[in-house]
1. Go through region 207-221 and give me each residue that's open to solvent by 30 Å² or more (accessible area, probe 1.4 Å) and either out of contact with any Lys or Arg (no Cβ under 7 Å at 6 or more places or on another chain) or at positive phi (or both).
2. Give region 114-136 a look and list any residue that's of a type in the set (A, V, I, L, M) and exposed (fewer than 14 other Cβ atoms within 10 Å of the Cβ), or say none.
3. Of all the residues that make up region 59-90, how many are in contact with a helix residue (DSSP H, G or I) (Cβ under 9 Å, 6 or more places away or on another chain), at pLDDT below 80 and open to solvent by less than 100 Å² (accessible area, probe 1.4 Å)?
4. Residues in region 32-79 that are of a type in the set (Phe, Trp, Tyr), out of contact with any Leu (no Cβ under 8 Å at 6 or more places or on another chain) and over 20 Å from Tyr162 (Cα atoms): how many?
5. On the given criteria, is Asn14 over 17 Å from Gly92 (Cβ atoms), of a type in the set (S, T, N, Q) and open to solvent by less than 90 Å² (accessible area, probe 1.4 Å)?
6. Restrict the check to region 186-197 and report whether at least one residue is without any contact (Cβ under 8 Å) to a residue 24 or more places away in the chain, surrounded by 12 or more Cβ atoms within 10 Å (Cβ to Cβ) and more than 22 Å from the chain's Cα centre (by Cα).
7. Sort through Ser58, Ser51 and tell me the only one that's assigned to a loop (DSSP other than H, G, I, E, B) and in contact (Cβ under 8 Å) with a residue 24 or more places away in the chain.
8. With the requirement that a residue be exposed (fewer than 12 other Cβ atoms within 10 Å of the Cβ) and of a type in the set (Phe, Trp, Tyr), what does region 137-174 give you?
Amino acid sequence: MMMNNLMMIPFHTNISIDSIDGYNLLKRVNYYTIYMSCAPKSLLMYLPGDSSGIASLSKRSLSLVSQFSESKLPKKFGLCLGSRGVIVFGSGQYNLLPPLKRNMTEFLSYTSFLDHPKDASGYYIGVKGISVNSQSVNLHTNTFSLDEFGNEGVKLSTITPYTTLKTHIYWALLKKFAMSTNTIPRVPKIAPFDYCINTTELGTTQTGLNVPKIDLERSNGANWTIFGPNSMTRIIDDIDRNSCLYN
């Protein structure tokens, strides 16, 4: 296969992964003939420094989740992003670490994936609007609708470091968020962010910085709520502790 004039050589190998019951390590499970490919380091240059490769989680037959499911596991996976993220393949419990020790599947809400007419490998969800502190952002009713030609839509992705929005959606959300945080001192914006605040005296809650929540209003009537840790990123300098809205 050729990509950007660089040769990627496919091969297959054996992989061993840990089996758990949600809390405890049970045993190692072996998977044979897992297909991979070697690529030049230049293709990894934009990944975090300690990265050694990329694992595909798409719906395609050669993705890692699909290859695992062919023999021993249901075609499911749970993914927690962050500096200490984790991925669990298959069904079962996804437990939080002590002291909470709760099975996340007990309080998660769910939504169905949408079929995309052009992108059969991606994961798309139905979203009908965005709100900040339960106040709707002023957008057209069909802004996020996925049409029969594959236009618009909301795609889940782990490739981009921040949520990517069309320009008119981004500025409408930023305006609403700025209005909801107008009592918090602002600081000069720090590239690539357009809205930064001083959080020295803002304080935190169990869900992170005490800033307005952002809700993705899903088509099935439930919301995907984004709290402080996932809407703001900390930027620390020699004087103040500042945070900026993800863009």
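The values are calculated or read from the model by the stated rules, or taken from the named source; none is laboratory data. Note that the structure is a prediction, hence the values are computed from the model and not measured. Ideal geometry is used to build each Cβ from the backbone, glycine not excepted, and the neighbour counts take in all protein chains shown. For the accessible areas, the whole protein counts, side chains as well, though only heavy atoms, and no ligand, DNA or RNA atoms are used. Shrake-Rupley method; radii C 1.70, N 1.55, O 1.52, S 1.80 Å.
1. Across region 207-221, the qualifying residues are Thr207, Asn210, Lys213, Leu216, Asn220, Gly221.
2. Of region 114-136, the ones of a type in the set (A, V, I, L, M) are 114, 120, 125, 127, 130, 132.
Correct list: Ala120 only.
3. Residues that pass the stated criteria total 3.
4. Of region 32-79, the ones of a type in the set (Phe, Trp, Tyr) are 32, 35, 46, 68, 77.
From the residues that got through so far, the ones that are out of contact with any Leu (no Cβ under 8 Å at 6 or more places or on another chain) too are 32, 46, 68.
In the following step, the residues that additionally are over 20 Å from Tyr162 (Cα atoms) were identified as 32, 68.
Of the residues in region 32-79, 2 are of a type in the set (Phe, Trp, Tyr), out of contact with any Leu (no Cβ under 8 Å at 6 or more places or on another chain) and over 20 Å from Tyr162 (Cα atoms).
5. Values: over 17 Å from Gly92 (Cβ atoms): yes; of a type in the set (S, T, N, Q): yes; open to solvent by less than 90 Å² (accessible area, probe 1.4 Å): no.
Judged against the criteria, Asn14 is not a match.
6. Yes, because at least one residue in region 186-197 is without any contact (Cβ under 8 Å) to a residue 24 or more places away in the chain, surrounded by 12 or more Cβ atoms within 10 Å (Cβ to Cβ) and more than 22 Å from the chain's Cα centre (by Cα).
7. Working: Ser51 fails: in contact (Cβ under 8 Å) with a residue 24 or more places away in the chain.
Checking each option against the conditions leaves just Ser58.
8. Phe149, Tyr162
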